[in-house]
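Since the structure comes first, as structure tokens, the remarks are kept for the end.
Only the coordinates and a few stated rules stand behind these numbers; no lab work does. All figures in this text were calculated on a predicted structure; none of them were measured in a lab. Cβ sites come from the backbone with ideal geometry, for glycine too, and all protein chains shown count toward neighbours.
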Amino acid sequence: MKLLVSVILLIQSIVFAQLDADRPANAIYKNFKPFSTPRTNYRPGSVYRIDKNDVKYFVQDVKSIKSLTSEESTVKGKMSFTRVELLECLNIDINQDFIVTEVEIKNATREYTEQTNVDLVLWENDVVEILVVDDSSDYYLIRETVMAKEITYRFDSRTADNIVTGKSNLKEKQAGEGKIVDYPLSISKRFKEPKRLFYLEQKIGLDPYPED
């Protein structure tokens, strides 16, 4: 039984790794992923872990890792989502593993950390030894985030045709005579205060420079 469980977990880890490898690249905010829900926690400097059952746990906001901010005005471009991410973010289910959609982030703020500060805190000051204590979990540091009070997601016709549930949540833009709308369906989210929408992670361990 233990051998069977180990094999299943190994297969799961391979599948998740392959999904990340197959993920289409973002045109903006390279390698960023969406938070499952907009949030005010999980600032850059936060650490979380994913256990052997693929369950995510918050570990600690490492206060000594400083975060800086950059005001980026309105940002528009293509970003990729997995089927699960789209369902979590927008309650829309789609009949494909990935989609690439256009997002428009109004008055975006980018929060980021500096590598020298991260290295100093985690490895030179040995803070990582307090954080990484479960050999069966993978640990990640939030390096950057994107936050805003308003974001719009736009979907092209091909993606719209593959929506299984949630299409009624989208607003449709009608094309004028003789014109085509590239992204006819959209949904906007607005918040009373800026919320973190996307993040860039870095896998961490006891060794700052693990061998491949």
Check: Residues with amide H under 5 Å of ASN31's amide H, sequence separation 5 or more or different chain, H placed in the peptide plane at 1.01 Å from N; which?
Finding: ASN26
Check: Which shape class applies to segment 42-122: rounded if a/c is under 1.5, otherwise prolate when a/b exceeds b/c and oblate if not, where a ≥ b ≥ c are the square roots of the Cα gyration tensor eigenvalues?
Finding: oblate
Next item on the list: List every residue whose amide H lies under 5 Å from the amide H of LYS149, counting only residues 5 or more places away in sequence or on a different chain, with H placed 1.01 Å from N in the peptide plane.
Entry: LYS195
Margin query: I'd like the orientation of helix 2-22 relative to the chain: the angle between its Cα long axis and the longest Cα principal axis, in ° from 0 to 90, rounded to 10.
Written below: 50 degrees
Checklist line | In segment 50-81, trypsin sites (Lys or Arg not before Pro) in a DSSP loop with at most 15 other beta-carbon atoms within 10 Å | finding: LYS63, LYS66
Next item on the list: Arrange the following residues from fewest to most other Cβ atoms within 10 Å of their Cβ: ARG158, ARG49.
Entry: ARG158, ARG49
Checklist line | Karplus-derived HN-Hα couplings along segment 82-99 (A = 6.51, B = -1.76, C = 1.60, θ = phi - 60°), whole Hz, x at Gly and Pro | finding: 7, 4, 5, 4, 5, 5, 5, 6, 10, 6, 10, 9, 10, 8, 6, 5, 9, 9
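What chymotrypsin sites (Phe, Trp or Tyr not before Pro) does segment 16-96 have in DSSP loop regions with at most 16 other beta carbons within 10 Å? Intermediate results must be reported in sequence, preceding the final value.
Values: sites: PHE16, TYR29, PHE32, PHE35, TYR42, TYR48, TYR57, PHE58, PHE81; in loops: TYR29, PHE32, TYR42.
Those that pass, being in a loop and sparsely packed, are TYR42.
Fully extended, how many nm does the chain gain between GLU201 and THR37 (0.36 nm per residue separation, minus their Cα-Cα distance)? Please report the intermediate quantities before stating the final value.
Details: separation 164, 0.36 × 164 = 59.04 nm, distance 1.63 nm.
Fully extending the segment from GLU201 to THR37 adds 57.4 nm.
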Notebook entry, point to check: How high is the FRET efficiency from LEU120 to SER73, r the C-beta distance, R0 30 Å, rounded to 0.05?
Noted result: 0.40
Checklist line | Förster-model FRET efficiency, 25 Å R0, SER188 and ILE50, C-beta, rounded to 0.05 | finding: 0.20
Item checked: Cβ-based net charge around THR145, under 11 Å, with every Lys or Arg adding one and every Asp or Glu removing one -> +4
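Using the crude model of +1 on Lys and Arg Cβ and -1 on Asp and Glu Cβ, and no other charge, please compute the dipole size for the chain relative to its Cα centre, in debye to 20. All intermediate terms of the calculation are to be shown ahead of the outcome.
Values: 30 positive and 34 negative charges, 226 e Å.
Magnitude of the dipole: close to 1080 debye.
Counting Lys +1, Arg +1, Asp -1, Glu -1, what net charge surrounds ARG49 among other residues with beta carbon under 9 Å of its beta carbon?
Values: positive: LYS56; negative: ASP51, ASP134, ASP138.
Neighbour charge sum, excluding ARG49 itself: -2.
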Checklist line | Per-residue [θ]222 nm for the chain (sum of -39500 (n - 2.57) over DSSP H runs n ≥ 4, rounded to 500) | finding: -5500 deg cm²/dmol
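Report the far tail of the P(r) of the chain, meaning the percent of Cα-Cα pairs longer than 29 Å.
Percentage above 29 Å: 34.
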Note to self: Can you list residues from other chains, or at least 5 along the same chain, whose modelled amide H is less than 5 Å from the amide H of ASP61?
What the structure shows: VAL47
